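What follows is a short report on a single structure.
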Amino acid sequence: MAEKTLQAVLNRLYEADVPDKADIEYGLSLQDPAQMGELFAFADEIRRRHVGNGILLRGIIEFSNYCSNTCEYCGLNKTNTNLTRYKLTDKQILNCIEQIANSGIGTVVLQSGEQTDLDAYWLAGIIREIKTRFDIAITLSVGERPFDDYALWKEAGADRYLLKIETTNRQLYQKLHPQMSFDNRLKCSKDLGILGYQNGSGNIIGLPGQTISDIAGDILFFAGERFDMIGIGPFIPHPATALSDCPSGDVEMVLKTIAVTRIITKDAHLPATTAIGSLNGNDHRPAALTAGANVLMPNFTPQPWRQLYEIYPGKRCSTEAPGTCGPCIDIMADTIGRTIDLSRGDSLKKKRKECA
Ligand code: SAH
């Protein structure tokens, strides 16, 4: 039987081509603070070795909160009729991009709710305009779309796409997304890879009914698909959803998931998500950055709309003005002995493939 000392498990997770699910579950089940500290330190060292000391920045613009979906955890879901809906104008979006570019940040993330009637040609036009005017990488995050829309946007100049699988437990997925299809989400994720996007996935930790085995399955999925970016964040209950009374995800489980994911995926880009910066009013992003994460996503959505992009309550900095993240991020990096990296921060996996 394989040795079960923590160091032996960590070494195996790092070295295995296909990691053992039992080893992943062992890492995720650690409770002793000293042992968790050992896991985080190991992941931090792998992060340093494979992606370096720079914290990459992605400026996010939440350009619309309209949504046709009914994800049971999300405050934007269409059954939340109390939420005022908005969509930024082209000019507002381009102003935000200008602000991001002027801050020296090399990537913009355009995110919105999933709107079936979003005009794919409109978004392609915005992408072209951004690429003409700014030297900046574009990440899209607008949900599930037909292959042809993804192809159109790629052709227009989009570089990356974030589509979190949320959970790889098919039954749990179906329960939480009653009108959606796990198979279609998977298909969309694969289509993005086929089209050559730098491909992002991720999950939510602490979904009601989710087990350690489910989270281990998520990590195996991330590793197997060789995602370029993986966003891992806690579930935060939204009062206007069916899950309003469920407890939040556990911060330590989020950190353990980030750490194990780093050890296994090695050079993927892992954000210290806004959700882990918002859990129970505390900012756990420095903890995430020292447990394997290497990316931060400063918010550039202008007011008053930013407060309306309420996927969960208590979202960090939701009342602040755009462009105010700079000093806060500098202090955070400084405190943990890291630097801010203003490069585009392209996938390290893609670069390696191109060189091969
Ligand atoms: N419409 C896009 C973007 C969704 S919002 C899409 O479908 O991909 C971005 C992410 O917020 C989601 O992928 C989900 O993981 C996260 N999210 C939504 N509600 C949440 C909640 N209550 N707690 C934690 N994360 C949540």
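Descriptive notes on the structure:
- Condition check for Asn299: touching a Lys or Arg at 6+ places or on another chain (Cβ under 7 Å), away from the ligand (no atom under 16 Å from the Cβ) and under 20 Å from Cys328 (Cβ atoms): no
- Qualifying residue in segment 229-244 (condition: in a loop (DSSP other than H, G, I, E, B), of a type outside the set (A, V, I, L, M) and more than 15 Å from the ligand (Cβ to nearest atom)): no
- Hits in segment 184-209 (condition: more than 14 Å from the ligand (Cβ to nearest atom) and in a loop (DSSP other than H, G, I, E, B)): Leu195, Gly196, Gly209
- Count of residues meeting criterion [under 19 Å from Asp191 (Cα atoms), open to solvent by 20 Å² or more (accessible area, probe 1.4 Å) and within 16 Å of the ligand (Cβ to nearest atom)] in segment 210-224: 1
- Pairs, first aromatic (Phe, Trp, Tyr) in segment 118-146, second open to solvent by 30 Å² or more (accessible area, probe 1.4 Å) and at pLDDT 95 or above, C-beta under 8 Å, six or more apart: Tyr121/Leu152; Phe134/Glu98; Phe134/Ala101
- Scanning segment 245-264 for residues that are more than 10 Å from the ligand (Cβ to nearest atom) and open to solvent by 10 Å² or more (accessible area, probe 1.4 Å) returns Asp245, Pro247, Asp250, Val251, Glu252, Met253, Leu255, Ile264.
- Residue list for segment 19-40, restricted to those being farther than 15 Å from Ile258 by Cβ and in contact (Cβ under 8 Å) with a residue 40 or more places away in the chain: Pro19, Lys21, Glu25, Ser29
- Exclusive hit being surrounded by fewer than 18 Cβ atoms within 10 Å (Cβ to Cβ) and not small (Gly, Ala, Ser), set Thr168, Thr139, Thr132: Thr132
Residue-wise test of (1) more than 13 Å from the ligand (Cβ to nearest atom); (2) under 20 Å from Pro286 (Cα atoms).
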position	(1), (2)
Pro304	yes, no
Tyr309	no, no
Ser318	yes, yes
Pro327	yes, yes
Asp330	yes, yes
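- Restricting segment 142-165 to residues that are away from the ligand (no atom under 15 Å from the Cβ) and not in a helix (DSSP H, G or I), the residue that is surrounded by the most Cβ atoms within 10 Å (Cβ to Cβ) is Asp159.
- Subset of segment 279-295 [open to solvent by 10 Å² or more (accessible area, probe 1.4 Å) and in a loop (DSSP other than H, G, I, E, B)]: Asn282, Asp283, His284, Thr290
- Residues located in segment 28-82, provided they are buried (at least 16 other Cβ atoms within 10 Å of the Cβ), among the charged types (D, E, K, R) and within 21 Å of the chain's Cα centre (by Cα): Asp44, Arg47, Arg58, Glu62, Glu72
- Candidates are the residues of segment 96-129 that are of a type in the set (A, V, I, L, M) and more than 16 Å from the ligand (Cβ to nearest atom); the one that is most open to solvent (accessible area, probe 1.4 Å) is Ala101.
- Enumeration of residues in segment 130-141 that are within 16 Å of Ser112 (Cβ to Cβ) and either within 16 Å of the ligand (Cβ to nearest atom) or among the charged types (D, E, K, R) (or both): Ile138, Thr139, Leu140, Ser141
- The numbered conditions (1) open to solvent by 30 Å² or more (accessible area, probe 1.4 Å); (2) of a type outside the set (Asp, Glu); (3) under 16 Å from Ser103 (Cβ atoms) are all true for Pro298 except (1).
- Residue within segment 322-332 that is at pLDDT 95 or above, assigned to a loop (DSSP other than H, G, I, E, B) and more than 16 Å from the chain's Cα centre (by Cα) present: no
- Selection status of Thr301, in a loop (DSSP other than H, G, I, E, B), over 30 Å from Pro19 (Cβ atoms) and free of Cβ contacts under 8 Å to residues at least 24 places away in the same chain: no
The values are calculated or read from the model by the stated rules, or taken from the named source; none is laboratory data. Only a predicted model underlies this, so the values are computations on that prediction, with no experimental measurement involved. All Cβ positions, even for glycine, are placed from backbone atoms using ideal geometry, and neighbour counts span all protein chains on display. With ligands, DNA and RNA removed, areas are computed over all heavy atoms of the protein, side chains included. Shrake-Rupley method; radii C 1.70, N 1.55, O 1.52, S 1.80 Å.
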